[in-house]
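J.: The structure's right below; bear with me while I get my questions together.
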Amino acid sequence: TIPAAAIARLVRLEPGRKHRVLDIAAGHGKFGIAFAREYPKVEIVAQDWPNVLEVARENARAAGVEDRFRTLPGSAFDVDYGSGYDLVLLTNFLHHFDPETCERLLRKARAALAPGARAATLEFVPNEDRVSPPVPATFSLMMLGSTPKGDAYTFSELERMFRNAGFARSELHALPPTFQSVVISYP
């Protein structure tokens, strides 16, 4: 997918070095798979529900990276991630939850990172006025109507969540031609 490959290029990992990437709520797995394709020594640990991980595993097999693709079945909030990851991916997930729940998950993700590692989050991020650009603003309305407490968060809201979870700083990167953005956060 366009966003998956773009994130793998945006979040540069040191070529030729082994890296461990945790893909939280991996879904189809294509975001982690994009890193495995871009960086031949990356090992992906995809976390999601068991039936969802079957799809991700098949996609890893089709992409030729199944030998570097592991799974971690269960709830993102309950499963033990382990530690020592060079990168944590959180793609299209935080918008389902309220800020307090996001912070709880982000603290857990932060604890799984190795020193010098980071987290990359893909989201629809509206401007601070919350009414522009149109697609992220509309997505915010969709989340308000389709989730108990979800929202499309502004960068300042995401930055605050990451800071409250133990991250030192965050950067916002547009991801054209999509309407989404990547937030890269550093401990």
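J.: Under 8 Å between Cβ atoms, which residue pairs at least 6 apart in sequence (or on different chains) link something in segment 149-171 that is modelled with pLDDT under 95 with a partner that is aromatic (Phe, Trp, Tyr)?
T.: Listed pairs, sorted by first residue: Lys149/Phe97; Gly150/Phe97; Ala152/Phe124; Ala152/Phe139.
J.: Which strands (runs of 3 or more DSSP E) does segment 45-125 wholly contain that include 2 or more residues that are out of contact with any Cys (no Cβ under 7 Å at 6 or more places or on another chain) and within 23 Å of Tyr186 (Cβ to Cβ)?
T.: In segment 45-125, 85-91, 113-123 are the strands (runs of 3 or more DSSP E) which contain 2 or more residues that are out of contact with any Cys (no Cβ under 7 Å at 6 or more places or on another chain) and within 23 Å of Tyr186 (Cβ to Cβ).
J.: Oh, and also: Collect the residues in segment 161-183 that are surrounded by fewer than 18 Cβ atoms within 10 Å (Cβ to Cβ) and not in a loop (DSSP other than H, G, I, E, B), keeping them in residue-number order.
T.: Matches in segment 161-183: Arg163, Asn164, Arg169, Glu171, Leu172, His173, Ala174.
J.: Quick one: Leu158 ticks every box in (1) among the aliphatic types (A, V, I, L, M); (2) assigned to a helix (DSSP H, G or I); (3) in contact with a Phe, Trp or Tyr (Cβ under 6 Å, 6 or more places away or on another chain) except a single one, so which number is it?
T.: Tallying (1) among the aliphatic types (A, V, I, L, M); (2) assigned to a helix (DSSP H, G or I); (3) in contact with a Phe, Trp or Tyr (Cβ under 6 Å, 6 or more places away or on another chain), Leu158 fails exactly one: (3).
J.: May I pose another question? Considering only segment 119-150, state which residues are closer than 18 Å to Phe97 by Cβ, of a type in the set (Ser, Thr, Tyr) and surrounded by 13 or more Cβ atoms within 10 Å (Cβ to Cβ).
T.: Once the filter is applied, which keeps residues that are closer than 18 Å to Phe97 by Cβ, of a type in the set (Ser, Thr, Tyr) and surrounded by 13 or more Cβ atoms within 10 Å (Cβ to Cβ), segment 119-150 yields Thr121, Ser140, Thr147.
J.: Being under 14 Å from the mean Cα position of the chain (by Cα), farther than 11 Å from Ala120 by Cα and in a loop (DSSP other than H, G, I, E, B) is the filter here; which residues of segment 3-42 pass it?
T.: Hits for segment 3-42 are Ala25, Ala26, Gly27, His28, Gly29.
J.: While we're on this one: Report, by residue number, each residue of segment 48-69 that is touching a strand residue (DSSP E or B) at 6+ places or on another chain (Cβ under 6 Å) and either surrounded by 15 or more Cβ atoms within 10 Å (Cβ to Cβ) or among the hydroxyl-bearing types (Ser, Thr, Tyr) (or both).
T.: If the condition is that a residue be touching a strand residue (DSSP E or B) at 6+ places or on another chain (Cβ under 6 Å) and either surrounded by 15 or more Cβ atoms within 10 Å (Cβ to Cβ) or among the hydroxyl-bearing types (Ser, Thr, Tyr) (or both), then Leu53, Ala56, Ala60, Arg68, Phe69 are the ones that fit.
J.: If you check every pair at least six apart or on different chains, which have Cβ atoms under 6 Å apart with a residue in segment 87-98 that is under 22 Å from Arg20 (Cβ atoms) and among the polar types (S, T, N, Q) first and a residue that is at pLDDT 95 or above and not in a strand (DSSP E or B) second?
T.: Thr91/Phe31
J.: Then there is this: Against the condition of a type in the set (Phe, Trp, Tyr) and in contact with a His (Cβ under 7 Å, 6 or more places away or on another chain), how does Tyr39 come out, does it pass?
T.: Yes; evaluated as a whole, the condition is true for this residue.
J.: Checking Ala114 against (1) at pLDDT 95 or above; (2) more than 13 Å from Leu22 (Cβ to Cβ); (3) surrounded by fewer than 16 Cβ atoms within 10 Å (Cβ to Cβ), which single condition isn't satisfied?
T.: Only one criterion is unmet by Ala114, namely (2).
The values are calculated or read from the model by the stated rules, or taken from the named source; none is laboratory data. Keep in mind that this is a model prediction, so the values were computed, not measured. So basically every Cβ, Gly included, is an ideal-geometry build from the backbone, and we count neighbours across all protein chains shown.
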